[in-house]
Amino acid sequence: MKNKKVDNQTINDNEGFTDGEGYPSCEGTPCDNVTEGEESSTATMSEPAEQAAEEAPANDFEREAAEWRDKYIRLQAEFDNFRKRTLREKMDLVQSGGADVLKSMLSVLDDIYRAMDASQKSDDITSLREGEKLVAQKFCDALRQKGVTEIEAQDKEFDSDLHEAVARFAAGEDMRGKVIDVVQRGYMLGEKVLRYAKVVVGE
């Protein structure tokens, strides 16, 4: 009888853990909590993993965009510095070049002043003319050293790239289309025309 009670007690204790067919049942038991906990734990672990997988490419794109933006800003700053430096060097070159030309002209100006003083103190016309020629020659030499040359025009074929016709006169068949007189001399700086020669053309 005692053993039977024990068996009955055992059976009674397991009543809540069996179904009608004698198999264990989890309804109303801690098994429900275990199963639900496992399912919720699985769902909780899978959602952050999916979010991390979705956010990873976005973070890569943002980082790459930030790198390109930084490169663009640096390149723009370098180009702006290069532009300012080039402009400053160009201005310095123009100013130094102009100063060099003016400096070479000062000696010619000194000779002009000497010729003016000599013309006031002397009546020798021949020597004064010789002095004027020397000053003019010195001035031409100074210009030639800077690359300035005179445009040849007298008795040359008229060239619209070098000459500017201010008048036309009948000069015979031999001088047709040629320069018969130079009204104003022209000059070139290297291969560039500084001033066109104003000429009279025969026709």
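A few notes on this one:
- Against the test of being more than 27 Å from Arg144 (Cβ to Cβ), in a helix (DSSP H, G or I) and aliphatic (A, V, I, L, M), the options Leu102, Leu87, Leu109, Leu93 yield a single qualifying residue, Leu87.
- Filtered residue count, region 161-176, keeping only those that are closer than 16 Å to Lys192 by Cβ and either surrounded by 12 or more Cβ atoms within 10 Å (Cβ to Cβ) or at pLDDT below 90 (or both): 3
- The numbered conditions (1) out of contact with any Lys or Arg (no Cβ under 9 Å at 6 or more places or on another chain); (2) closer than 27 Å to Gly190 by Cα; (3) assigned to a helix (DSSP H, G or I); (4) not hydrophobic (A, V, I, L, M, F, W, C) are all true for Glu152 except (3).
- Unique match (being in a strand (DSSP E or B), surrounded by 12 or more Cβ atoms within 10 Å (Cβ to Cβ), free of Cβ contacts under 8 Å to residues at least 24 places away in the same chain and hydrophobic (A, V, I, L, M, F, W, C)) among Val200, Val183, Val179: Val183
- Among all positions in region 160-169, there is no residue which is more than 30 Å from Glu203 (Cβ to Cβ) and without any contact (Cβ under 8 Å) to a residue 12 or more places away in the chain.
The values are calculated or read from the model by the stated rules, or taken from the named source; none is laboratory data. It should be emphasised that the depicted structure is a prediction, and the values quoted were computed from it without experimental measurement. Glycine also receives a Cβ, built like all others from the backbone with ideal geometry; neighbour counts cover every protein chain displayed.
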